[in-house]
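Visitor: Before anything else, here's the structure in question.
The values are calculated or read from the model by the stated rules, or taken from the named source; none is laboratory data. What you see is a predicted model, and the numbers here were worked out from it, not measured in a lab. FYI the Cβ positions are ideal-geometry reconstructions off the backbone, even for glycines, and counts take in every protein chain you see. Heads up: the accessible areas ignore ligands, DNA and RNA and are worked out on the full protein's heavy atoms, side chains in. Shrake-Rupley method; radii C 1.70, N 1.55, O 1.52, S 1.80 Å.
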Amino acid sequence: STVFINVTNQLDDDTTVHWHGLRLDNQYDGVPGITQPPIKPGESFFYRLDFPDEGAYWYHTHVREELQQELGLYGVILVEPAQAGYYNPVNREEVLVLDDLLMDGPDVEPYAKNQTDFALMGRYGDVMLTNGQEDYALRLKAGEVVRFFILNTANVRPFNLSIEGIPLKMVGGDSGKYEREFFADSVVISPSER
């Protein structure tokens, strides 16, 4: 599939969109000053995206990531396999987006306006989020098989994900489907990892 996306910057700062993990024409990769100029406030950039590979991908801003991404400027892209039976059959699929926020009372801890003030594009938060919620819950029926597409959008925090008493069958990651599936009690997922 091919899609065309016209991004208009309605922020007060420059921005771009990086299409994380997609194989695409370099001019649409969203790295400011390298593959495209930054999108100035009020300006637009036209992206063309091709999806040659199945799997889970994501997009996020690529200017002041520690700020723009922290405030939710990202999303998940699921590319369905063209080949029937590519994955084992399941009862349902769910997306889990893991994140953390550093809070200052009811607000996100402020950032410096003109410079990055935290190393490694961010900081550890004190509030953990799953799909944007502190108290995320998912109801499942006994015996139901679920394929989770998991993304870590935290700026610097790795997560060690487990489901108490349930082994996880690992079927793929950032580079696609694993050659050999395996079971694990937990999975450590680093920032930007899928």
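Visitor: Quick check: is even one residue across the range 87-96 within 26 Å of residue 49 (Cα to Cα) and open to solvent by 70 Å² or more (accessible area, probe 1.4 Å)?
Guide: Step one: filter the range 87-96 for residues within 26 Å of residue 49 (Cα to Cα), giving 87, 93-96.
Checking the rest, the ones that are also open to solvent by 70 Å² or more (accessible area, probe 1.4 Å) come to 93.
Yes - at least one qualifying residue is present in the range 87-96.
To keep it simple, each residue is scored yes or no on (1) open to solvent by less than 50 Å² (accessible area, probe 1.4 Å); (2) part of a loop (DSSP other than H, G, I, E, B); (3) within 22 Å of residue 57 (Cα to Cα).
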residue: 143; (1), (2), (3): no, yes, no
residue: 149; (1), (2), (3): yes, no, yes
residue: 156; (1), (2), (3): yes, yes, yes
residue: 169; (1), (2), (3): no, no, yes
residue: 172; (1), (2), (3): yes, no, yes
residue: 179; (1), (2), (3): no, no, yes
residue: 182; (1), (2), (3): no, no, yes
residue: 188; (1), (2), (3): no, no, yes
residue: 193; (1), (2), (3): no, yes, yes
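Visitor: Would it be correct to say that residue 84 is among the aliphatic types (A, V, I, L, M) and open to solvent by 40 Å² or more (accessible area, probe 1.4 Å)? Please lay out each step first, then the result.
Guide: On the way: among the aliphatic types (A, V, I, L, M): yes; open to solvent by 40 Å² or more (accessible area, probe 1.4 Å): yes.
Yes: the conditions hold for residue 84.
Visitor: Return a yes/no flag: does the range 43-51 have any residue that is over 30 Å from residue 113 (Cβ atoms) and small (Gly, Ala, Ser). Even if it seems obvious, please write down each step before you answer.
Guide: Start the filter on the range 43-51 by keeping residues that are over 30 Å from residue 113 (Cβ atoms), which leaves 48-51.
This time we only want the ones that are small (Gly, Ala, Ser), so: none.
Looking through the range 43-51, none of the residues is over 30 Å from residue 113 (Cβ atoms) and small (Gly, Ala, Ser).
Visitor: Residues of the range 29-64 being open to solvent by 60 Å² or more (accessible area, probe 1.4 Å) and part of a strand (DSSP E or B), which ones?
Guide: Of the residues in the range 29-64, the ones open to solvent by 60 Å² or more (accessible area, probe 1.4 Å) are 33-34, 37, 40-44, 46, 48, 52, 59.
Matches in the range 29-64: 44, 46, 48, 59.
Visitor: Does residue 102 meet the test of being over 12 Å from the mean Cα position of the chain (by Cα), open to solvent by less than 60 Å² (accessible area, probe 1.4 Å) and closer than 16 Å to residue 134 by Cβ? Step through it out loud before you land on a result.
Guide: Working: over 12 Å from the mean Cα position of the chain (by Cα): yes; open to solvent by less than 60 Å² (accessible area, probe 1.4 Å): yes; closer than 16 Å to residue 134 by Cβ: yes.
Answer is yes for this residue.
Visitor: Another question, if that's okay. Can you tell me how many residues in the range 6-41 are touching a residue at least 24 places away in the same chain (Cβ under 8 Å) and among the small types (Gly, Ala, Ser)? If you could, list the steps in order and put the result at the bottom.
Guide: Of the range 6-41, the ones touching a residue at least 24 places away in the same chain (Cβ under 8 Å) are 6-25, 30-32, 38-41.
Next cut, among the small types (Gly, Ala, Ser) only: 21, 30.
So the count comes out to 2.
Visitor: Between a residue in the range 70-94 that is within 13 Å of residue 149 (Cα to Cα) and any residue that is hydroxyl-bearing (Ser, Thr, Tyr), which pairs come within a Cβ distance under 7 Å, given they are 6 or more apart or on different chains?
Guide: 75/59; 77/57; 77/59; 79/57
Visitor: Go through the range 14-28 and give me each residue that's buried (at least 16 other Cβ atoms within 10 Å of the Cβ) and in contact with a Lys or Arg (Cβ under 9 Å, 6 or more places away or on another chain). Please lay out each step first, then the result.
Guide: Of all residues in the range 14-28, those buried (at least 16 other Cβ atoms within 10 Å of the Cβ) come to 14-22, 24, 28.
Correct list: 14, 15, 20, 21, 24, 28.
Visitor: Considering the range 4-33 alone, what residues qualify as being modelled with pLDDT under 95, aliphatic (A, V, I, L, M) and farther than 23 Å from residue 113 by Cβ?
Guide: 22, 24
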